[in-house]
1. crowded, with 24+ Cβ neighbours inside 10 Å, touching a residue at least 40 places away in the same chain (Cβ under 8 Å) and touching a Gly at 6+ places or on another chain (Cβ under 6 Å) - does that describe any residue in region B:127-138?
2. Restricting the search to region A:80-100, which residues are in a helix (DSSP H, G or I) and of a type in the set (A, V, I, L, M, F, W, C)?
3. I'm trying to understand the selection: among the residues of region B:416-433, which are among the β-branched types (Val, Ile, Thr) and either in a loop (DSSP other than H, G, I, E, B) or within 11 Å of chain A (Cβ to nearest Cβ) (or both)?
4. Could you tell me which numbered condition A:ARG77 fails, if it satisfies all but one of (1) assigned to a helix (DSSP H, G or I); (2) within 14 Å of chain B (Cβ to nearest Cβ); (3) among the charged types (D, E, K, R)?
5. Check region A:40-50 and report whether any residue there is touching a strand residue (DSSP E or B) at 6+ places or on another chain (Cβ under 8 Å), more than 10 Å from chain B (Cβ to nearest Cβ), modelled with pLDDT of 80 or more and closer than 18 Å to B:GLY381 by Cβ.
6. For the condition at the interface with chain B (Cβ under 10 Å from one of its Cβ atoms), crowded, with 22+ Cβ neighbours inside 10 Å, of a type in the set (A, V, I, L, M) and in contact with a helix residue (DSSP H, G or I) (Cβ under 7 Å, 6 or more places away or on another chain), what is the one hit in A:LEU110, A:LEU66?
7. For region B:165-185, give me each residue that is in contact with a helix residue (DSSP H, G or I) (Cβ under 8 Å, 6 or more places away or on another chain), free of Cβ contacts under 8 Å to residues at least 60 places away in the same chain and not hydrophobic (A, V, I, L, M, F, W, C).
8. I need every pair where a residue in region B:72-95 that is over 20 Å from A:THR74 (Cβ atoms) and within 13 Å of another protein chain (Cβ to nearest Cβ) has its Cβ under 9 Å from the Cβ of a residue that is surrounded by 23 or more Cβ atoms within 10 Å (Cβ to Cβ) and of a type in the set (Asp, Glu), sequence separation at least 6 or different chains.
Amino acid sequence: MAKILTGGIGRDEVARTVSGLGIAGLHIAVANDMDAAGQLRAGQADYFLGTCHTGAGASLGVLVGLLGRSACHTFGRGEPTEAEIAELLAGGTTVFGFCLDRIDTVAPRLARAIAAARP
Amino acid sequence: MSWAPGTAAAGPARSSVTAAGLALSPAQALTVVVLCALTALMAHLALAVFNDGVRPFLLDFVQGRTTRAATTAVAFGLSAGFVFGLGAPMALSSGVLNPWLLFLPTDVLGILAPRTWLAALLGAGWGAVVVFGLNGANAFAHGLPVDFLTAMQQLSTPILFLFTLFPVLAVTRQFGRLRGAVTGLVELALVVLTMRLWPHMFAGAAAMAAGVLLLIGFAVAADLRRGRTAGEEPDRSATQEATASLFDAGAARLRRRLPLFMLLGAGVCALAQMKVFGGGEATSFLIAKGQYAEAAQVDFYRMFGFLPLIATTALASGAYGIAGLTLVYPVGYLAPNPYLAAAAGALVFAAEVLALSSLGRVLGRLPSLRDSSEHLRGAIGEALGLAVLFGSLMAANAMGGGLGLLVCGGLYLLNEAMGRPVVRTAAAPAAVLAGGVVLNVLYWLDLFTPVTAAAP
């Protein structure tokens, strides 16, 4: 069971996309960067998927400052491979940022990888 | 166009702005060059960047956890698409400078430069390239048999009128169909009323004001209701403390450089006063038509979409926005002369930097309002996306009829099919520019006859 929070401009779309996949064991909720920081620190949530126009800074908001650079990764406008995501997850990354116009490909890939990393 | 140009406040530099020609006076050109040197310097010192996406990365850079080269790569990656896809086509089509064209490159150049003086020099260089290069490009392109720059003026009507709707989209997404419909009806009624009663005014001005005020009203009401029923959750106090200390450090760093920020505010505000610069997505087209009062309103309401983002990223990173909270844009448009604008800009920036800490605390207590600003920005993107796509296709039709639509629409669809190497908002105008080149080549090969009745 993993709890994923979404944030940023495309958070509703990300939540809809991921819940539409119907992956068992994933709980997804819409949040914002401030709330997410609190829940991640308190262990009430496990991952954060943020989106913005560029897929970088604004997608993560204050999370980089509050959770530390090592917990965060932004793909920008790129599309990461499953192997890249698996490596980041294994390395302890919990906060991911990507571009608004890559939601349809990146969000499902991240969700599947998270589900696979947490059986 | 249903409204006449030039009814708003006149400025001394007014006569130099023509329909689609960037003709800057020596004083204006000098202001651009000096301001670009200053903005590059601010980026070099990691004190301010225009790109909101780059700002959070500056914290690591300031604290020495990343290198200048790595930060430059981030800044370039986040900015390049918006310079060539948004800033340049908009400047070419409106004849007015914009912050994406001027300040995104100075972000990158300033961070890139290993020395302070080099940063200023590179920034000034970019300012000169824009001032003189765009003038030349404009003259050259207008002289071509297929004049794609005149055709690009087709962009202005869809951008202005669809931009008017952005508060409606934000209200609908955040507060549901009923309130969205109410906001929509209020805006529509105001647009119709404005067109009937004040035909010389931009029809969307009052509607946009009402829409944004409704959204803010709904958000503050929601926060007040939530505050009464829920109160503070105890398990979040540790995070709040961490946020507070991070924000305090950021605010303190900015306050230490207050004089530099006042100088920056003075420069940006003076540039906005010169009627050759539009700060927001829709503003360039209003400035080009001489509607400064309307431009000031549009950018004032647009500010609410960006204020929380700029304030929180600035507090979290210790680096500010090149245009601050963007309040200097409307102040500049309305200022009677550049000197007063500079003084007002300096005061606005000083007030913003000093108030940033308390602003962060207020925003922390109003989560619905922070959400509203995200919805506003999302809505600006959506409205602009449709407007730019439709306007670009109208431009394609104006310059090449069916063949123009085929080439430009085709390039846009091809970009989609290839996984969007060019950002979506920017793809359509970029396709018009590329399509214009293709049509000129076809004309030169004697394979295409231009559509003579291009837009005035």
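The values are calculated or read from the model by the stated rules, or taken from the named source; none is laboratory data. Everything numeric here is computed off the predicted structure, so don't read it as measured data. Heads up, the Cβs are rebuilt from the backbone with ideal geometry, glycines too, and the neighbour counts pull from every protein chain shown.
1. no
2. The answer is A:ALA83, A:ILE85, A:ALA86, A:LEU88, A:LEU89, A:ALA90, A:LEU100.
3. B:VAL422, B:VAL423, B:THR425
4. Single failed check for A:ARG77: (1).
5. So far as region A:40-50 goes, yes, one or more of its residues are touching a strand residue (DSSP E or B) at 6+ places or on another chain (Cβ under 8 Å), more than 10 Å from chain B (Cβ to nearest Cβ), modelled with pLDDT of 80 or more and closer than 18 Å to B:GLY381 by Cβ.
6. The conditions single out A:LEU66.
7. Correct list: B:THR172, B:ARG179, B:GLY180, B:THR183, B:GLY184.
8. If the second residue must be surrounded by 23 or more Cβ atoms within 10 Å (Cβ to Cβ) and of a type in the set (Asp, Glu), the pairs left are B:LEU86/B:GLU281.
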